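I have placed the structure first, in the form of structure tokens, so that the comments after it can refer back to it.
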Amino acid sequence: MIVRLSAALFVFLAFTLTPANADDAAERYVQIILDEAEPALAAATQEERLAGIAALVYTHVDMRRTAMFTLGQYARRITNAQKDAFLPLFREYATLVYQDALSEYSGQALVVTGSVDRSARDIIVISKVKGAEPGDRFADLVVQWRVYRNRDGVMKIVDAGAADIWLAIEQRSQFTSIIANNGGGEQGMDALLRELRNRVKNG
Amino acid sequence: MRILRCALVLACFGILPAAAQLTDLGDPMSVSEALKTTDTTQLADTPDPWEGFNRKMFALNNMFDDLILVPAAKGYRAVTHKKQRKGIRNLLANARTPVILANDILQGEFGRAGETAGRFVINTTIGFGGMGDPAERMGIEQHSEDFGQTLAVWGADSGPFIVFPFFGPSTVRDGFGAAVDTAIDPVFWVRGNPAQYTRFARTTTTIVTSREPLIEPLEEIKDNSLDYYASFRSFYLQSRKREINNGRTDYSDLPDIGEFEEFDDLE
């Protein structure tokens with residue numbers, strides 16, 4: 001009886017008290033990206049820095065999945081033509097956003113400090129600025145990377161956040177608001193495409 | 001510059017909630033005229049059923065910000081040194097201790113209540129009335145609490161997002177919480193002209209000192225947003241969630257991003 005209870009207790013504890021799972025593969029994946037980003041962030045000129053960040057974004061960000069996420073409930077309502085127009089525009093827009101966001105860390109190096117599994121395929125990898133001293137502006141800052149593993153096991157970045165403020169969630173708030181406020185559906189999506197074209201054109 | 005930079009700046013200054021509540025800036029006209037009128041109640045992930053009203057208040061606050069707050073914040077920056085501004089921010093934060101302490105206790109965060117009380121004693125004495133922050137150097141970090149957060153910890157739902165004229169973005173719960181915080185602040189209960197002047201001076205200084213470090217970050221978000229109102233709303237709600245969790249991030253309530261399996265086939 002005691003043995004059985006102990007076994008049950010062990011199983012219970014194993015399933016309930018395990019700390020938020022870490023995903024070593026996702027952590028390694030993000031660290032490789034951050035190592036690749038280091039020379040880009042240390043680039044002497046802004047042009048080099050932006051080009052370096054853009055190259056990383058093109059390689060490691062799952063633009064299609066992120067783009068569809070930012071459309072919220074409208075993702076499945078747009079026409080194929082609108083989707084074809086939206087995806088390249090979003091790619092350019094998101095690259096601009098990442099360039100702006102990551103330029104903040106010019107001359108810095110980021111290091112992975114842990115990860116949390118939302119599911120086996122949806123992992124949050126946590127990083128910090130390497131060598132930030134207490135009192136430093138980067139000292140308490142946590143930069144988060146949302147990694148999604150597709151059904152073939154390929155990992156890509158789908159969102160990035162700092163201090164729990166996420167880029168794609170903020171983009172979704174804007175995009176869905178623009179679509180809804182312009183009649184929703186196809187008409188609203190056309191308005192979003194116009195706004196994105198203007199934004200991308202202005203750089 | 002986008003939201004990451006703003007988060008970074010705000011997180012570094014540790015003034016996000018106060019700033020978010022005290023400042024509200026924006027130009028919702030950047031999208032189109034149509035944005036002003038249409039309701040977006042259907043947005044399940046954005047509790048903003050009063051968007052039409054909120055956008056009008058947002059525009060009003062933005063005008064107030066452009067005309068009064070930003071010039072005041074720039075003037076304040078021009079006549080003060082960075083260290084002086086830090087000292088003034090410390091002083092104001094120290095003066096808010098009773099409210100933070102009460103909310104620490106109401107939330108059952110007795111460890112943090114001890115930190116709040118400890119910081120107050122240390123900073124008020126060897127920190128020259130709170131201008132300095134020796135407590136932080138001793139490893140007792142500053143944190144903020146308010147009654148809106150307390151209500152959230154007690155399980156109260158945020159209710160809809162609302163933009164108050166002149167007070168900026170909030171939620172129904174947090175707006176009620178702000179009123180309670182005002183009422184439980186000991187300064188509120190002191191009568192007489194000197195107390196009234198003190199209250200006025202403290203409120204004014206808090207608004208200007210909160211706005212000052214946000215001049216560039218908010219300007220950049222405003223310039224780069226497709227819809228500044230929606231961007232600001234998302235920013236406020238996300239950062240507020242972090243405040244309520246006392247920085248202990250809960251990733252389980254992030255929206256699902258992997259639901260578009262059919263798009264895998266297109267890769």
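The values are calculated or read from the model by the stated rules, or taken from the named source; none is laboratory data. This is a predicted model, so every value here is computed, not measured. All Cβ positions, glycine included, derive from the backbone under ideal geometry; neighbour counts span all protein chains shown.
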Hits in the stretch A:64-75 - residues which are without any contact (Cβ under 8 Å) to a residue 12 or more places away in the chain and surrounded by fewer than 21 Cβ atoms within 10 Å (Cβ to Cβ): A:A75
In the set B:R233, B:R211, B:R202, B:R240, the lone residue that is facing chain A (nearest Cβ under 9 Å), at pLDDT 85 or above and in a helix (DSSP H, G or I) is B:R233
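Go through A:V112, A:V116 for me and flag whichever is in a strand (DSSP E or B), surrounded by fewer than 23 Cβ atoms within 10 Å (Cβ to Cβ) and more than 9 Å from chain B (Cβ to nearest Cβ). Don't jump to the end; show me each part of the working.
Details: A:V116 fails: more than 9 Å from chain B (Cβ to nearest Cβ).
Within the list A:V112, A:V116, the selection yields A:V112.
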Just the residues that are facing chain B (nearest Cβ under 7 Å) and touching a Ser or Thr at 6+ places or on another chain (Cβ under 7 Å), please, taken from the stretch A:144-167. A:V158, A:D159, A:D164, A:I165
For the stretch B:137-161, how many residues are part of a helix (DSSP H, G or I) and either surrounded by 18 or more Cβ atoms within 10 Å (Cβ to Cβ) or in contact (Cβ under 8 Å) with a residue 24 or more places away in the chain (or both)? 7
Quick one: which of A:I179, A:I123 is facing chain B (nearest Cβ under 10 Å), surrounded by 23 or more Cβ atoms within 10 Å (Cβ to Cβ), among the hydrophobic types (A, V, I, L, M, F, W, C) and not in a helix (DSSP H, G or I)? A:I123
Which listed residue, of B:A230, B:A201, is among the aliphatic types (A, V, I, L, M) and crowded, with 20+ Cβ neighbours inside 10 Å: B:A230
I'd like to know if the stretch A:122-131 contains one or more residues that are modelled with pLDDT of 90 or more, closer than 17 Å to A:I169 by Cα and over 13 Å from the mean Cα position of the chain (by Cα). no
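Could you tell me which residue of the stretch B:88-116 is nearest to B:R202 (Cα to Cα), considering only residues that are out of contact with any helix residue (DSSP H, G or I) (no Cβ under 6 Å at 6 or more places or on another chain) and surrounded by fewer than 18 Cβ atoms within 10 Å (Cβ to Cβ)?
Keep residues of the stretch B:88-116 that are out of contact with any helix residue (DSSP H, G or I) (no Cβ under 6 Å at 6 or more places or on another chain), which gives B:93, B:95-96, B:108-111, B:114-115.
Those still in the list that are surrounded by fewer than 18 Cβ atoms within 10 Å (Cβ to Cβ) too: B:108, B:110-111, B:114.
Numbers: B:G108: 29, B:F110: 28, B:G111: 28, B:G114: 25 Å.
So, considering only residues that are out of contact with any helix residue (DSSP H, G or I) (no Cβ under 6 Å at 6 or more places or on another chain) and surrounded by fewer than 18 Cβ atoms within 10 Å (Cβ to Cβ), the one nearest to B:R202 (Cα to Cα) is B:G114.
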How do the pairs read when you match residues in the stretch B:185-200 that are aromatic (F, W, Y) with residues anywhere that are surrounded by 11 or more Cβ atoms within 10 Å (Cβ to Cβ), using Cβ under 6 Å and keeping only pairs 6 or more apart or on different chains? B:F188/B:T182
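Is it true that some residue in the stretch B:122-129 is in contact with a helix residue (DSSP H, G or I) (Cβ under 6 Å, 6 or more places away or on another chain), assigned to a helix (DSSP H, G or I) and more than 28 Å from B:L69 (Cβ to Cβ)?
Yes - at least one qualifying residue is present in the stretch B:122-129.
Among the listed residues B:I100, B:I126, which satisfies the condition of being among the β-branched types (V, I, T) and without any contact (Cβ under 8 Å) to a residue 24 or more places away in the chain? Walk me through how you get there before you give the answer.
Working: B:I100 fails: without any contact (Cβ under 8 Å) to a residue 24 or more places away in the chain.
That would be B:I126, the only listed residue that is among the β-branched types (V, I, T) and without any contact (Cβ under 8 Å) to a residue 24 or more places away in the chain.
If a residue must be surrounded by 15 or more Cβ atoms within 10 Å (Cβ to Cβ), among the small types (G, A, S) and at pLDDT 90 or above, how many such residues does the stretch A:43-63 contain?
Taking the stretch A:43-63 and keeping what is surrounded by 15 or more Cβ atoms within 10 Å (Cβ to Cβ), we get A:43, A:49-50, A:52-54, A:56-57, A:60-63.
Within this subset, residues satisfying the condition of being among the small types (G, A, S) are A:43, A:52, A:54.
Pick out the ones that are also at pLDDT 90 or above and you get A:52, A:54.
Number of matching residues: 2.
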So how many residues does the stretch A:76-107 have that are of a type outside the set (A, V, I, L, M), within 11 Å of chain B (Cβ to nearest Cβ) and buried (at least 17 other Cβ atoms within 10 Å of the Cβ)? 8
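On the given criteria, is B:R77 within 21 Å of the chain's Cα centre (by Cα) and either surrounded by 14 or more Cβ atoms within 10 Å (Cβ to Cβ) or in contact (Cβ under 8 Å) with a residue 12 or more places away in the chain (or both)?
Working: within 21 Å of the chain's Cα centre (by Cα): yes; either surrounded by 14 or more Cβ atoms within 10 Å (Cβ to Cβ) or in contact (Cβ under 8 Å) with a residue 12 or more places away in the chain (or both): yes.
Spelling it out, B:R77 is indeed within 21 Å of the chain's Cα centre (by Cα) and either surrounded by 14 or more Cβ atoms within 10 Å (Cβ to Cβ) or in contact (Cβ under 8 Å) with a residue 12 or more places away in the chain (or both).
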Can we say A:A191 is small (G, A, S) and out of contact with any strand residue (DSSP E or B) (no Cβ under 9 Å at 6 or more places or on another chain)? yes
